[in-house]
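Only one structure is covered here, and it is reproduced in the block below.
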Amino acid sequence: MPFYGAAAETASVPKIKAPLLIHYAEIDQRVNEMWPAFESALKAAGVSYQMHIYPGTQHGFHNNSTPRHHEASATLAWERTVGFFRTNLA
């Protein structure tokens, strides 16, 4: 589950067998530049995924030990994560 991390190499995407929940910060150029190719590879490989971009956030928005922490987005991302786990790990 990417939490504002770099995407997998597109050549490796067909090896992904589990559904993905992807959380990206809006202001994270390096990571976000990878998204179009990664999304294309996910679709081509038939990988189930949900992707969310959190408006006004920076890389690390879920980390409450940094000034980039964004409480509302972190809470929403965590709620989505717990729901995803309940659905996919039940």
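The values are calculated or read from the model by the stated rules, or taken from the named source; none is laboratory data. Small disclaimer: the values here were computed from a predicted structure and weren't measured. So basically every Cβ, Gly included, is an ideal-geometry build from the backbone, and we count neighbours across all protein chains shown. Each accessible area value is taken on the protein alone, full model and side chains, heavy atoms only, with ligands, DNA and RNA left out. Shrake-Rupley method; radii C 1.70, N 1.55, O 1.52, S 1.80 Å.
The table below lists the values:
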item: Probe 1.4 Å, protein heavy atoms only - accessible area per residue of the chain in square angstrom; result: 61 Å²
item: Gain in span if fully extended, Asn63 to Asn88, counting 0.36 nm per residue against the direct Cα distance; result: 6.6 nm
item: Sequence of Leu76, Leu89 from largest to smallest accessible area, 1.4 Å probe; result: Leu89, Leu76
item: Cβ-Cβ FRET estimate between Phe3 and Ala44, R0 fixed at 25 Å, reported to 0.05; result: 0.60
item: Selection from Ala6, Leu42, Thr57, by position along the positive dipole direction of the chain (Cβ); result: Leu42
item: Estimated 222 nm signal from helices in the chain, with DSSP H stretches of n ≥ 4 weighted -39500 (n - 2.57), rounded to 500; result: -11000 deg cm²/dmol
item: Thr81, Thr87, ranked by accessible area, largest first (probe 1.4 Å); result: Thr87, Thr81
item: Accessible-area composition of the chain, carbon plus sulfur, in percent [1.4 Å probe]; result: 54 percent
item: Per principal axis, descending, Cα span of the chain in whole Å; result: 37, 33, 18
